[in-house]
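These notes are about the structure you will find just below.
The values are calculated or read from the model by the stated rules, or taken from the named source; none is laboratory data. Model, not experiment: these values are computed from the prediction. Using ideal geometry, Cβ is built from the backbone for each residue, glycine included, and neighbour counts are taken over all protein chains shown.
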Amino acid sequence: MQVVSSIDEMQSLAKEFRKQGKTIGLVPTMGFLHEGHLSLVDLVKDRSDIVILSIFVNPTQFGIGEDLEKYPRDLTRDLELCNERQVDFVFAPDESRMYAADYSTFVSEEKVGAGLCGLARPTHFRGVTTVCAKLFNLCMPDFVALGQKDAQQVILLKKMISDLNFPIEVLVGPIVREPGGLAMSSRNEHLQTKQREGALILLQSMQAGKKLVDEKEITNVGRVKSEVMSILTESSVVRVNYVEIVDRKTMEVEREIEPGRSLIVVAAWLNEVRLIDNLPL
């Protein structure tokens with residue numbers, strides 16, 4: 001495994017692999033890796049000759065007052081995990097290499113990212129699309145592996161890739177959960193025991209909504225949302241950001257539930273930790 005910090009070196013390596021006819025798979029991350037990230041390495045490995053995992057805590061996707069400085073970091077541990085998973089290259093640039101002092105160019109998607117997390121974090125998705133466009137240009141992947149936990153981000157990046165004609169196929173890995181059902185996230189590191197226990201209600205509430213659809217064949221969006229919300233608000237440690245039912249291919253809010261198309265999405269605060277999750281109907 002080789003660690004690359006220079007953007008010029010990373011791009012030169014990618015160009016050389018392209019010349020050799022090798023396929024490249026990319027797993028973009030902000031580090032503090034968990035099994036969810038590593039499952040994406042497994043997903044892309046079978047399709048690619050070269051696997052690149054990027055580690056970069058991207059400042060442009062954090063708004064004012066968000067947790068950029070507190071975001072968990074442990075590069076030594078991350079590199080050990082990547083080596084065990086047989087990643088070929090870890091691309092770990094620092095901020096000054098990715099964003100020069102006079103940097104002023106951004107990529108903005110205007111539709112998919114407008115609602116849900118886009119309302120709660122107005123500049124977040126512009127930072128995501130910008131850094132991913134840069135990573136795509138530097139690593140030149142044939143495949144990029146993304147996690148279903150970030151459902152809106154997945155659809156947003158698919159839209160950017162399509163709209164801007166990046167020759168990249170998106171592979172989406174399923175949500176990987178902790179034993180109790182909490183979706184794995186680097187931010188889980190900040191949860192104290194009581195908060196971690198309280199966070200389990202995110203999945204439990206969505207499962208209750210899904211049960212109405214599966215067992216009682218309810219397709220009324222308001223009825224299912226009400227069930228999810230009523231369970232979430234029972235918790236003293238959870239502050240709900242949103243509960244919505246959306247089309248899983250577009251992230252547009254649904255008027256009526258259609259099994260196989262609809263997706264429950266939730267976002268909630270546990271003190272200063274914001275978590276998201278989703279469940280297909």
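At a glance:
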| quantity | calculated |
| --- | --- |
| Single residue of the range 205-227 satisfying the filter (closer than 14 Å to Arg255 by Cα and in contact (Cβ under 8 Å) with a residue 12 or more places away in the chain) that is nearest to the chain's Cα centre (by Cα) | Lys225 |
| Complete set of residues in the range 18-31 that are surrounded by fewer than 21 Cβ atoms within 10 Å (Cβ to Cβ) and of a type outside the set (S, T, N, Q) | Arg18, Lys19, Gly21, Lys22, Met30 |
| Condition check for Arg177: modelled with pLDDT of 95 or more, under 21 Å from Val273 (Cα atoms), basic (Lys, Arg) and surrounded by fewer than 18 Cβ atoms within 10 Å (Cβ to Cβ) | yes |
| Condition broken by Gln192, with the remaining ones in (1) out of contact with any Ser or Thr (no Cβ under 9 Å at 6 or more places or on another chain); (2) of a type outside the set (Phe, Trp, Tyr); (3) surrounded by 15 or more Cβ atoms within 10 Å (Cβ to Cβ); (4) at pLDDT below 95 satisfied | (3) |
| Test: residue in the range 166-179 that is out of contact with any Lys or Arg (no Cβ under 6 Å at 6 or more places or on another chain), among the small types (Gly, Ala, Ser) and without any contact (Cβ under 8 Å) to a residue 40 or more places away in the chain | no |
| Only one of Val90, Val112 that is of a type in the set (A, V, I, L, M, F, W, C), in contact (Cβ under 8 Å) with a residue 60 or more places away in the chain, touching a helix residue (DSSP H, G or I) at 6+ places or on another chain (Cβ under 7 Å) and within 22 Å of Ser162 (Cα to Cα) | Val112 |
| Output for the range 183-196, where each listed residue is in contact (Cβ under 8 Å) with a residue 40 or more places away in the chain and either touching a Gly at 6+ places or on another chain (Cβ under 9 Å) or not in a helix (DSSP H, G or I) (or both) | Ala183, Met184, Ser185, Ser186, Leu191 |
| Listing of strands (runs of 3 or more DSSP E) fully contained in the range 1-67 that carry 3 or more residues being closer than 18 Å to Met140 by Cβ and touching a helix residue (DSSP H, G or I) at 6+ places or on another chain (Cβ under 8 Å) | 24-29, 50-55 |
| Residue match in the range 240-250 (condition: closer than 27 Å to Leu156 by Cβ, more than 19 Å from the chain's Cα centre (by Cα) and modelled with pLDDT of 95 or more) | yes |
| Failed criterion for Ser108 (all others in (1) surrounded by 20 or more Cβ atoms within 10 Å (Cβ to Cβ); (2) more than 17 Å from Asn241 (Cα to Cα); (3) not charged (D, E, K, R) hold) | (1) |
| Any hit, the range 102-109, residues being over 24 Å from Val44 (Cα atoms) and at pLDDT below 95 | no |
| Residue among Pro141, Pro122 that is under 25 Å from Glu254 (Cα atoms), part of a loop (DSSP other than H, G, I, E, B), assigned by TED's automatic domain parsing to the domain that holds Ser6 and out of contact with any Ser or Thr (no Cβ under 7 Å at 6 or more places or on another chain) | Pro122 |
| Long-range neighbours under 8 Å by Cβ, at least six apart or interchain, first residue not assigned by TED's automatic domain parsing to the domain that holds Leu191 and surrounded by 15 or more Cβ atoms within 10 Å (Cβ to Cβ) within the range 62-81, second of a type in the set (A, V, I, L, M, F, W, C) and assigned to a helix (DSSP H, G or I) | Leu81/Leu38 |
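So that you can scan it fast, the table gives a plain yes or no per residue for (1) in contact (Cβ under 8 Å) with a residue 12 or more places away in the chain; (2) more than 20 Å from Tyr242 (Cβ to Cβ):
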position: Gln86; (1), (2): yes, yes
position: Ser96; (1), (2): no, yes
position: Gly118; (1), (2): yes, no
position: Phe125; (1), (2): yes, no
